[in-house]
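The next block holds one structure in the form of structure tokens; read it before the comments.
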Amino acid sequence: MNCAKEENSQKIRLSEKLVVIINGKGGAGKDTVCEIAEKHYRAKTISAITPVKEIARQCGWNGEKDNRARKFLSDLKRLLVEYNNLPNKYLECEYKDFIKSDYDLLFVHIRESDQIDEFKSKVSSRCVALIVRSSISDSPDAAFGNTSDDDVEKYMYDYAFQNGKPLDSLAGDFIAFLQELFSFEGISEG
């Protein structure tokens, strides 16, 4: 029995597949908004950092998200991109699976501008870049000490979502934002 297909059958369909590259500084709420979308739409979330985290665990990283760990992951990712492009190869493979799947919406976490552009060039379906901003993570003193977080604003995104509401009202705000995005992109629901 395929639970993912049964679970997806209860969710809103889109008229075509859409890839949303999602970015924002640490703590902006990227994972939270993706989880909200996954509850309403046939959505899936992937991240370029996934294979990097697997290697980092072998080096002793235990999942912490402090500035030291963020820098370690950022530096390790850059090394892997330069060595064999592992993070981007992982994303390409996941994207191919998405195209064949029952999912309509794919959120792709990518932090670095050059890698956003590289991934966009490999995608054949509609693809947009979204930045999530938060008054907490975007304050002037919120430097993380790594280029993955600190250079987020250097990219020209197609859309921006301001995450400034309490968690209990965030879901409604983000779903309304997605519906506007879909409309603007010519994608219908249902």
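The values are calculated or read from the model by the stated rules, or taken from the named source; none is laboratory data. Being a predicted model, the structure only gives us computed values, none of them experimental. Cβ placement follows ideal geometry from the backbone for every residue including glycine, while neighbour counts extend to all protein chains displayed. Protein only, heavy atoms only, side chains kept; ligands, DNA and RNA dropped before computing areas. Shrake-Rupley method; radii C 1.70, N 1.55, O 1.52, S 1.80 Å.
For this structure, a couple of remarks:
- Overall, the chain carries a charge dipole of about 380 debye about its Cα centre when +1 sits on the Cβ of Lys and Arg and -1 on the Cβ of Asp and Glu, all other atoms neutral.
- For Thr45, distant residues with modelled amide H under 5 Å away: Phe107
- Element breakdown for the chain at a 1.4 angstrom probe: carbon and sulfur atoms account for 51% of the accessible area.
- Anisotropy class assigned to region 90-190 is oblate, per the alpha carbon gyration tensor with a/c at or over the 1.5 cut-off and a/b no larger than b/c.
- Overall form of region 40-99 per C-alpha gyration tensor (a/c, 1.5; a/b vs b/c): oblate
- Exposure ranking of Arg68, Arg111, Arg57 by accessible area [1.4 Å probe, largest first]: Arg68, Arg57, Arg111
- Å² per residue, accessible surface of region 48-175 at 1.4 Å: 54 Å²
- Reachable lysines from Lys154, criterion Cα separation under 22 angstrom, eight or more residues apart if same chain: Lys25, Lys30, Lys71, Lys77, Lys120, Lys122
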